[in-house]
Amino acid sequence: MDFNKPGIIDLPKIPDERGNLSFFENSKQIPFDIKRVYWIYDVPGGEMRGGHAYKDLQEVIIALSGSFDVVLHNGKEEQRFTLNRSYYGLYIPKMIWRQLENFSTNALALIAADAPYDANNYIRDFNDYKNSRNKI
Ligand code: TYD
């Protein structure tokens, strides 16, 4: 997989009659060391999350339960990923605009990131984002 671009990482799935098991470890199944994990849940119907880019932060997003769409923009093109399997991890490099939407009832989004929370790491205005992309 090309880690300069967003894409789906097929995480291990250990099938078992007692229930399936999946996992990831630092720098093995995902291409970075995890500094933070957070999750989004109890999203009311029709609500959206995200709507920003990170200046310097990579993430992997997993739909641990339910489903939702991750809409990405690189300043030129939009790309939509529907996450609905708990063994798919969506890798998102830095400087990609993202919005999470179309959450199903009981959707649970788990996000692993390679940096602690820092409000200064966000670009929250899409025009600012596009201007910054043009300078890369
Ligand atoms: P935000 O990243 O804007 O949410 P989303 O992108 O999922 O829509 O974060 C919402 C609020 O939660 C914001 O006030 C900051 C806080 N927050 C933390 O304190 N730590 C975190 O790790 C995250 C992701 C958010």
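Read-outs throughout are calculated quantities, based only on the coordinates presented, and are distinct from any laboratory measurement. Because the structure is a prediction, the values reported are computed rather than measured. When we count neighbours, we look across all protein chains shown, and the Cβ atoms used for this are built from the backbone with ideal geometry, even at glycine.
So the values come out like this:
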quantity	calculated
Neighbour net charge for GLN79 - beta-carbon separation under 11 angstrom, K R +1, D E -1	+1
For SER27, net neighbour charge (Lys/Arg +1, Asp/Glu -1) across residues whose Cβ lies under 14 Å away	-1
FRET efficiency, GLU77 to GLU17 (Cβ-Cβ, R0 30 Å, nearest 0.05)	0.10
Loop-located trypsin sites (Lys or Arg not before Pro) in the stretch 1-90, at most 11 other Cβ atoms within 10 Å (DSSP)	ARG18, LYS28, LYS76
Partners for LYS13 among lysines (Cα-Cα distance below 18 Å; same-chain residues under 8 apart left out)	LYS28
Residue-count net charge about VAL70 - beta-carbon cut-off 9 Å; Lys, Arg +1, Asp, Glu -1	0
Spatial separation of Cα centroids for the stretch 68-105 and the stretch 20-38, in angstrom	18
Added length on full extension, which subtracts the Cα-Cα distance from 0.36 nm per residue, SER27 to ASP118	30.6 nm
HN-Hα J in Hz across the stretch 121-129 - Karplus 6.51, -1.76, 1.60, θ = phi - 60°, x for Gly and Pro	8, 9, 10, 9, 10, 5, 5, 4, 4
Given 16 as the ceiling on other Cβ atoms within 10 Å, longest exposed-site-free region of the chain for GluC sites (Glu not before Pro) in DSSP loops	78-136
Relative contact order, percent, the stretch 1-114 [alpha-carbon distance under 8 Å, six or more residues apart]	38
Kirkwood Rh, Cα atoms: Rg over Rh of the chain	0.97
